[in-house]
1. With the full set of protein chains in place, find how many percent of the accessible area of the chain is carbon and sulfur; take the probe as 1.4 Å.
2. Show me the GluC sites (Glu not before Pro) within the range 172-223 that DSSP assigns to loop and that have at most 15 other Cβ atoms within 10 Å of their Cβ.
3. Rounded to the nearest 500, what is the chain's calculated 222 nm mean residue ellipticity when only DSSP H runs of at least 4 contribute -39500 (n - 2.57) each, over all residues?
4. With contacts defined as alpha carbon pairs under 8 Å and 6 or more residues apart, what's the relative contact order of the range 174-274 in percent?
5. As a test, work out the antiparallel percent of DSSP beta bridges whose residues both lie in the chain, rounded to the nearest 5.
6. For the chain, what does the accessible surface come to per residue with a 1.4 Å probe? Please give it in Å².
7. Determine which aspartates and glutamates satisfy two conditions relative to Lys235: a Cα distance under 20 Å, and not lying fewer than 8 residues away in the same chain.
8. What percent do you get for the relative contact order of the chain when only Cα pairs under 8 Å and 6+ apart count?
Amino acid sequence: MTDDKDVLRDVWFGRIPTCFTLYQDEITEREAEPYYLLLPRISYLTLVTDKVKKHFQKVMRQEEVSEIWFEYEGTPLKWHYPIGLLFDLHASNTALPWSITVHFKNFPEKDLLHCHSKDVIEAHFMACIKEADALKHKSQVINEMQKKDHKQLWMGLQNDKFEQFWAINRKLMEYPPEDNGFRYIPFRIYQATTERPFIQKLFRPIASGGQLHTLGDLLKDVCPSAVTPEDGEQKTQVMIHGIEPMLETPIQWLSEHMSYPDNFLHISIIPRPTD
């Protein structure tokens with residue numbers, strides 16, 4: 001991969017200032033103060049909120065505490081989506097800090113997966129990496145790795161260790177020079193205005209004529225309304241890691257540098273603010 005290490009570092013260390021408050025109907029023994037945290041964009045809510053959980057449990061009766069879950073303006077937040085994606089999709093045009101509500105009761109079974117331990121997060125994360133490598137290299141790279149390499153990827157994410165993670169992940173970002181790119185690009189496109197969870201299909205980074213496909217090419221193919229509005233007025237924003245990449249950016253470069261640690265490009269298409 002091309003060595004734009006500063007980009008990798010900026011993506012890794014992206015943070016979202018967040019204010020957690022306890023849902024008003026939770027029964028407490030004394031008033032629950034809000035809890036402030038800088039959330040890492042690349043991680044998962046259930047992986048980085050142990051302190052939040054402990055903070056609010058201190059004011060709760062133990063019999064009132066069941067599985068913790070999070071909500072933003074009435075929308076339950078899916079813990080298996082990376083935090084940066086959740087913010088881009090639901091809150092990117094709101095004032096900071098991001099205001100998240102904490103619940104310990106009435107778990108929304110229809111909307112959220114249960115997450116009883118860090119093992120569940122690890123299993124989800126590794127399943128995504130394996131799926132991404134099946135698309136990129138027919139699973140050859142991930143299958144040639146040892147168990148300890150898989151563990152190092154997970155521990156790098158869990159402990160927020162950039163060098164530890166990228167020592168292994170760079171192998172997943174390589175390809176034979178004659179190929180000019182991956183076999184297919186692992187991506188998912190999320191739209192704030194639809195019920196469908198996401199769009200995912202096979203898309204090659206190189207066109208049959210040899211030219212590099214761009215982010216605009218991907219969107220035209222998979223989600224044309226995002227780039228060619230019906231009345232000529234652009235009503236949506238395309239967000240990755242909180243920024244709007246230029247549509248001319250080669251999708252191979254984005255895949256190498258702006259994928260989340262699960263090796264997927266998570267692309268949000270959201271309504272453009274009207275102000």
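1. C and S fraction of accessible area: 50 percent.
2. On the way: sites: Glu174, Glu178, Glu195; in loops: Glu174, Glu195.
Within the range 172-223, the qualifying GluC sites (Glu not before Pro) (loop, at most 15 other Cβ atoms within 10 Å) are Glu174, Glu195.
3. Computed ellipticity for the chain at 222 nm equals -9500 deg cm²/dmol.
4. Taking the mean separation of contacting Cα pairs over the length of the range 174-274, I get 34 percent.
5. The antiparallel fraction comes to roughly 65 percent.
6. On the way: 13910 Å² over 275 residues.
Each residue of the chain exposes 51 Å² on average to a 1.4 Å probe.
7. Partners within reach: Asp88, Glu195, Asp217, Asp221, Glu244, Glu248, Asp275.
8. On the way: 427 pairs, mean separation 52.2, N = 275.
Normalised by residue count, the contact order of the chain is 19 percent.
The values are calculated or read from the model by the stated rules, or taken from the named source; none is laboratory data. Keep in mind that what you see is a predicted model, and the values were worked out from it rather than measured. Cβ: placed from backbone, ideal geometry, glycine included. Neighbour counts: every protein chain shown. Heavy atoms of the whole protein, side chains included, go into the accessibility calculation; ligands, DNA and RNA do not. Shrake-Rupley method; radii C 1.70, N 1.55, O 1.52, S 1.80 Å.
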